[in-house]
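The values are calculated or read from the model by the stated rules, or taken from the named source; none is laboratory data. Since we're looking at a predicted model, the values are computed, not measured. Glycine also receives a Cβ, built like all others from the backbone with ideal geometry; neighbour counts cover every protein chain displayed. To get the accessible areas, we keep the full protein, side chains included, count just its heavy atoms, and leave off ligands, DNA and RNA. Shrake-Rupley method; radii C 1.70, N 1.55, O 1.52, S 1.80 Å.
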Amino acid sequence: MMGPFEDFLHGFNVFMLAYVLLLQGIYTVLAISGWRAIEDYVRRRPVRDYRSVSESEMSIPVSILVPAYNEEPSIVASLRSLLESQFIEFEIVVINDGSKDGTLAALKDAFRLVEVGRVPRSNLPTQRVRAVYASPLEPRIVVIDKLNGGKADALNAGINHANFPLFCAIDGDSMLDAGALSRLVWEFQAEPETVAVGGIVRVVNGSEFEGGRLTKVRTPGNLLANLQIIEYLRAFLGGRVGWSKSGMLMIISGAFGLFRRDVCVEVGGYDPTTVGEDAELVLRLHRHQREQRKPCRITFFPDPICWTECPEDLGTLVRQRDRWQRGLIEMMVRHRDMLFRRRFGRIGSLAMPYFLVFELLGPTIECLGYTLFVIAVALGVIPLQFALAFLAIALTYGLVLSFLVILMEERAFRRYPGWADLMRLAICAVIENIGYRQLLALVRMRAWYTYARGNQHWGEMTRKGFGPLLPGGTVDAAGHPVLDPTADPVLAGEAPVEALGAPEILDAPRI
Amino acid sequence: MDVVEGLSVLVGSSLVLWLALLGLAVLRKLRRDRRESRSVARRAHYAAVLAGGDAGVIADVFSAAGDTEARTDLAVSIDLLHDVLPAAKFEAIGRGMEASSATRKLIADLGARRAITRARAAFLLSRPGTAGGVEEIAPLLADPDPDVRLVACSGLGRAATPRAAEALIDGLAAGILPPERIIERLGAPWAVETIVSRLNESPALDASLARALGLSRDPRAAVPLTALLESDSIEVEISAARSLGRVGGQTCVPALLAALSSEVWAVRAQAAKSLGGLGAVVAVDALERCLSDQAWWVRANAARALRELGEPGIEALQRAVEHEDRYAADRAREQLALHAVIAEVAA
């Protein structure tokens, strides 16, 4: 005879069983879909002429936006790495977002920056731009110095000053594979209805650098970083590829994505009032294109790689995940009217409900489930054999999924070719399922509390950078030819901005 | 079953599962390693045979390349030799391919149900870059699969025959591929005559063909491009101004100087940029006047063009620093500052 509490425990655990089975089912569908998409890509890869994309004068030029806030240790190395990109025409727009350290000075020294006038091509509202700099040594670099307004505000300033039809937003602490741009641009060139493409973000910790450039990819010695490698692989190869294949991709990582500039300007650019500006923009693009009844291809491409440094200490990881979860909450709250609306297609009727149930409420349900599961077993509400079988199935499934993405990686990309790397990842595939996931669920549940408190902070991130810098220009502060702040008629608002009406044809005047 | 016993079973079964999965991963890794070494050896063999140029041996290689991996390696090997071997060798490769039993199979595969099969067949058929497969590949420009369309497009570009140019221009007119993908294949001297014969069909086609003429960098393109500068379509004018800058030669300069007086700011801006790129010192006075143009981009491009023109342009910029129009002076000062750093580094 069970009392009301035991009844509740029993009922909740039945609900949890159904919840877990449904979630595993979705993961299975996504993983199978992802596997098939990657197999298809591997088969098609040899016939795709990426080299011509990187060399053709007809390729769509790209503006790489690099928002930088207190990035003095790594910014120059990051830029030098970006300059190595094998792509015919690109510019790097660095936005110094009111850094308090020597970010701007480091850039001035390394690239001998000269203050110039530059007309913005759009009018997204941002904090005041103090100056625009060009580099006589490296014409592809433009630096915008502005008052601090956060990452989204910095990106909007970058979009305003970007010259080219596509922009790629990447973090100041990330570096791109040399061929990454051409592979992403290929997606726009092959299918013109493409609005945005996300690339895979991978963990760079433990890899070897020379002169700020990645020379050998290796798994790190740090356990937390290795766990994140598995986690990233699961999220990107086991998740986003599948979502993308079904036309339901809702997140393009802020660390690496390529967007059509004109459409992003049309929707108002990044939202500076959210900490999850990357996902929010993607959802707004879906919404806008569907409301306007325009084609909307937002996709994920697993091969172009952006390398990023992941946190190696628990405190930084907790702050990062808290921010990610807050961003997700803000995004879902803002666009709640899209939920279950057929007008928004699969995004409104499938992807958003999934995010609501399994990503937004999921951590809370999961934490509650763990607690009540233990209590139920202790009270004998759940038979021990059943509990162990349930755990075994959950662990088996987690292990199979983690190994599946390791195999996907091995099949398609082989970025970790060493045997030691395989062993490390195999061990972490176990630990990731026992302890790490549960810890993250707790952190993500706590994000509701920080969200309710109205916390808009990013939290401090600790970074090592990409090794010693390459030799740059010599410091010559006194000798720099600096202009008076230009009062150009356009910049001063005294004359019409002809350029704002410029036709956004793909081969628009390259100025 | 008590808790300890149950947990032991759980840990034990998990360990077995982990070892099984690890074994699977190791096996796949070994298999992949073996496949890669095989591929490296095969490509080296193909490269040696193809470079040898014996059509009979090449035909045997094509016939023997039965599976997908071997065919892919063969196509990649031909690609790698493309910039190295003389055209005559490629003729031999083409003859070898046509003489092999593989060609008939490849042509049959162009109509396969699976897109990847069609793409692979078109890819290998078009690699030698001979006229042989043009008629078979041209219809694939309208294929429902984007990869197949792009492979067909690059294959026709590689064939480099008037018939291939006609097919590509038809594709351009039909809008079956993004125009840039066709333009980049058409933009070569071999296509100039065919392009010129197809001008004036429609403004949209003219704009694309003007861009292709520019990419060809062929002096024969100068006269038709100059005529296109008089077009009623702004897009055609811009494309012509940009392409004249690419074609080069002194015949283009008078047309671009005239374009500096266009009523359309984008044409003036593009003409200024092209003149700078051409090193047209004769344009210094006209560009100096453009420093006080009413459009920002024209001023900016003119100032940059003057810097690119070297000493006479720098002198013009130095004069412009004292210009009564402060906006012209600003652009000039900016370019002089850039020039100073460049000169200092060069010194």
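Taking region B:21-44 as the region of interest, how many residues are small (Gly, Ala, Ser) and within 13 Å of A:Leu407 (Cβ to Cβ)? Walk me through how you get there before you give the answer.
Step one: of region B:21-44, the residues small (Gly, Ala, Ser) are B:23, B:25, B:37, B:39, B:41, B:44.
Now narrow it down to the ones that are within 13 Å of A:Leu407 (Cβ to Cβ): B:23, B:25.
Of the residues in region B:21-44, 2 are small (Gly, Ala, Ser) and within 13 Å of A:Leu407 (Cβ to Cβ).
Residue-by-condition table, conditions (1) touching an Asp or Glu at 6+ places or on another chain (Cβ under 9 Å); (2) closer than 20 Å to B:Ala160 by Cβ:
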position: B:Ala188; (1), (2): yes, yes
position: B:Asn200; (1), (2): yes, no
position: B:Ser208; (1), (2): yes, yes
position: B:Ser216; (1), (2): no, yes
position: B:Arg220; (1), (2): yes, yes
position: B:Ala227; (1), (2): no, no
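When you go through A:Leu9, A:Leu22, A:Leu30 one by one, which is the residue that is surrounded by fewer than 19 Cβ atoms within 10 Å (Cβ to Cβ) and either acidic (Asp, Glu) or in a helix (DSSP H, G or I) (or both)?
Numbers: A:Leu9 fails: surrounded by fewer than 19 Cβ atoms within 10 Å (Cβ to Cβ); A:Leu30 fails: surrounded by fewer than 19 Cβ atoms within 10 Å (Cβ to Cβ).
After ruling out the rest, the residue left standing is A:Leu22.
Collect the residues in region B:96-114 that are open to solvent by less than 20 Å² (accessible area, probe 1.4 Å) and more than 14 Å from chain A (Cβ to nearest Cβ), keeping them in residue-number order.
The answer is B:Gly96, B:Met97, B:Ser100, B:Ala102, B:Thr103.
Out of the residues in region A:437-454 that are within 21 Å of the chain's Cα centre (by Cα) and under 14 Å from A:Leu317 (Cβ atoms), state the one that is farthest from the other protein chains (Cβ to nearest Cβ).
The extreme case among them is A:Ala447.
Being in contact with a Cys (Cβ under 7 Å, 6 or more places away or on another chain) and at pLDDT 90 or above, is that true of even one residue in region A:47-62? Reasoning before the result, please.
Of all residues in region A:47-62, those in contact with a Cys (Cβ under 7 Å, 6 or more places away or on another chain) come to A:62.
Now drop any that are not at pLDDT 90 or above, which leaves A:62.
The answer is yes; a qualifying residue exists.
It is to be established whether one or more residues within region B:272-289 are in contact with a helix residue (DSSP H, G or I) (Cβ under 6 Å, 6 or more places away or on another chain), closer than 11 Å to B:Ala332 by Cα and away from chain A (no Cβ under 11 Å).
There is at least one residue in region B:272-289 that is in contact with a helix residue (DSSP H, G or I) (Cβ under 6 Å, 6 or more places away or on another chain), closer than 11 Å to B:Ala332 by Cα and away from chain A (no Cβ under 11 Å).
So which residues in region B:169-190 are assigned to a helix (DSSP H, G or I), among the aliphatic types (A, V, I, L, M) and either more than 14 Å from chain A (Cβ to nearest Cβ) or farther than 14 Å from B:Arg211 by Cα (or both)?
Kept after step one, since they are assigned to a helix (DSSP H, G or I), are these residues of region B:169-190: B:169-174, B:179-186, B:189-190.
Restricting the remaining residues to those that are among the aliphatic types (A, V, I, L, M) gives B:169, B:172-174, B:182-183, B:186.
Passing the criteria: B:Ile169, B:Ala173, B:Ala174.
Within the set of pairs 6+ apart or on separate chains, which have a first residue in region B:264-288 that is of a type in the set (Ser, Thr, Tyr) and modelled with pLDDT of 95 or more, a second that is open to solvent by less than 10 Å² (accessible area, probe 1.4 Å) and not in a helix (DSSP H, G or I), and C-beta atoms under 6 Å apart?
Between residues of region B:264-288 that are of a type in the set (Ser, Thr, Tyr) and modelled with pLDDT of 95 or more and residues that are open to solvent by less than 10 Å² (accessible area, probe 1.4 Å) and not in a helix (DSSP H, G or I), there is no close pair.
Among (1) open to solvent by 10 Å² or more (accessible area, probe 1.4 Å); (2) over 21 Å from the mean Cα position of the chain (by Cα); (3) within 14 Å of chain B (Cβ to nearest Cβ), there is one condition A:Arg342 misses while meeting the rest; what is its number?
It is condition (3) that A:Arg342 fails.
Condition test on B:Ala266, is it part of a helix (DSSP H, G or I), within 14 Å of chain A (Cβ to nearest Cβ) and more than 19 Å from A:Glu115 (Cβ to Cβ)?
Working: part of a helix (DSSP H, G or I): yes; within 14 Å of chain A (Cβ to nearest Cβ): yes; more than 19 Å from A:Glu115 (Cβ to Cβ): yes.
Yes, satisfied.
Restricting region B:141-155 to residues that are in contact with a Lys or Arg (Cβ under 9 Å, 6 or more places away or on another chain) and within 15 Å of B:Glu180 (Cβ to Cβ), which is farthest from the other protein chains (Cβ to nearest Cβ)?
B:Leu141
From the list A:Ala392, A:Ala412, A:Ala378, A:Ala387, pick out the single residue that is buried (at least 17 other Cβ atoms within 10 Å of the Cβ), over 21 Å from A:Glu432 (Cβ atoms) and within 12 Å of chain B (Cβ to nearest Cβ).
Working: A:Ala392 fails: over 21 Å from A:Glu432 (Cβ atoms); A:Ala412 fails: over 21 Å from A:Glu432 (Cβ atoms); A:Ala378 fails: buried (at least 17 other Cβ atoms within 10 Å of the Cβ).
Checking each option against the conditions leaves just A:Ala387.
Out of region A:41-53, which residues are open to solvent by less than 40 Å² (accessible area, probe 1.4 Å) and either within 24 Å of the chain's Cα centre (by Cα) or more than 9 Å from chain B (Cβ to nearest Cβ) (or both)?
Scanning region A:41-53 gives A:Tyr41, A:Val42, A:Tyr50, A:Val53.
Looking at this structure, is B:Glu324 open to solvent by 10 Å² or more (accessible area, probe 1.4 Å), in a loop (DSSP other than H, G, I, E, B) and farther than 29 Å from A:Asp109 by Cα?
Numbers: open to solvent by 10 Å² or more (accessible area, probe 1.4 Å): yes; in a loop (DSSP other than H, G, I, E, B): yes; farther than 29 Å from A:Asp109 by Cα: yes.
Considered against the rule, which asks whether it is open to solvent by 10 Å² or more (accessible area, probe 1.4 Å), in a loop (DSSP other than H, G, I, E, B) and farther than 29 Å from A:Asp109 by Cα, B:Glu324 comes out as yes.
Kindly check whether there is at least one residue in region B:141-154 that is part of a loop (DSSP other than H, G, I, E, B), open to solvent by 60 Å² or more (accessible area, probe 1.4 Å) and not aromatic (Phe, Trp, Tyr). Walk me through it before giving the result.
Step one: list which residues in region B:141-154 are part of a loop (DSSP other than H, G, I, E, B), which gives B:143-145.
Next, only the ones that are open to solvent by 60 Å² or more (accessible area, probe 1.4 Å) stay: B:144.
Now restrict to residues that are not aromatic (Phe, Trp, Tyr): B:144.
Among the residues of region B:141-154, at least one is part of a loop (DSSP other than H, G, I, E, B), open to solvent by 60 Å² or more (accessible area, probe 1.4 Å) and not aromatic (Phe, Trp, Tyr), which makes the answer yes.
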